[in-house]
1. Within the chain, which whole H helices from DSSP have a Cα span along their axis of at least 15 Å and a mean Kyte-Doolittle hydropathy of 0.5 or more, if any?
2. Build a GNM of the chain with springs between Cα atoms under 10 Å: which of K63, K160, K85 gets the top mean-square fluctuation?
3. For every other residue with a beta carbon closer than 12 angstrom to the beta carbon of G44, add +1 if it is Lys or Arg and -1 if Asp or Glu, then tell me the sum.
4. At a 1.4 Å probe radius, carbon and sulfur cover how many percent of the accessible area of the chain?
5. Excluding residues fewer than 8 places away in the same chain, name every one of the lysines whose C-alpha is closer than 20 Å to that of K186.
6. What is the percent of Cα-Cα separations in region 90-196 that go past 23 Å?
7. Per-residue ellipticity at 222 nm for the chain, helices alone: DSSP H runs ≥ 4 residues times -39500 (n - 2.57), over residue total, nearest 500 deg cm²/dmol?
8. If you average the sequence gap of Cα pairs under 8 Å that are 6 or more apart and divide by the length of the chain, what percent do you get for the contact order?
Amino acid sequence: MKHFFLFLFLFGVSVSHAQQKIRQGNFKNLKGITAYTVTFDYSGLQVHGFDSEEDYLEEKMEKRAHKEGEAEKFKLDWYADRSTKYEPQFIEYLNKRFENGEITFGKDIQAKHTLHVKTTWIYPGYNVVAGTEPAKISAILTIMETDNPSQILLQVEFNKSIGLEVGTFDFDQGDRIAKAYEKLAKNMAMQLKRVL
């Protein structure tokens, strides 16, 4: 029985560590940094199950073509959700985790260091009568000097961050994906707290 619990513990540790991979630098390099300008990049984004983001949008718009205005609304929301949902929730979650002001994050602050979030993959999830599946995202987070972007202190890849729990009747795709950005922020905050 003791061996079984040891296996479960080690399995849990390996799963949590499998989510992140340091590509360059070290979290220790961030010690003492108290503010970050946050930037986002969605270029080259892959959507699960599709060859490209354009293919995904084409299929989803085609399914909505029979309802006037729905196809175009879907496309507009897909892009608008980035600045109205994903990014604010990512930044807000990080700031909440450092509510005593140890570290501040913002798109509009002028900080010596930049936290650049490049989303590489999205699984939008679903919420239908038959069941639900949370959204997931993969992203590369790079921390660099704002005035000298080639000076990278850390680059870490988070794979398939699963969205935090959403409301039972939350059918909005943008809200589901935003929850995955919150989980990404949670993963990053946990690591930053270790080097405070």
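1. Span-like helices, by this rule, are 2-18.
2. K63
3. With Lys, Arg at +1 and Asp, Glu at -1, the net is -2.
4. Values: 6130 of 11370 Å².
Taking all protein chains in place, the chain shows 54 percent carbon and sulfur surface.
5. K186 reaches K21, K28, K31, K85, K96, K107, K118, K136, K160.
6. Numbers: 1871 of 5671 pairs.
Summing the P(r) tail past 23 Å for region 90-196 gives 33 percent.
7. Numbers: 5 runs with 72 residues, N = 196.
Calculated at 222 nm, the ellipticity per residue is -12000 deg cm²/dmol.
8. That works out to 29 percent.
The values are calculated or read from the model by the stated rules, or taken from the named source; none is laboratory data. Just so we're clear, the structure is a prediction, and the values are computed from it rather than from any experiment. With ideal geometry, Cβ positions are generated from the backbone for all residues, glycine too; neighbour counts draw on all protein chains shown. Keep in mind that these areas ignore ligands, DNA and RNA; they rest on the heavy atoms of the full protein, side chains included. Shrake-Rupley method; radii C 1.70, N 1.55, O 1.52, S 1.80 Å.
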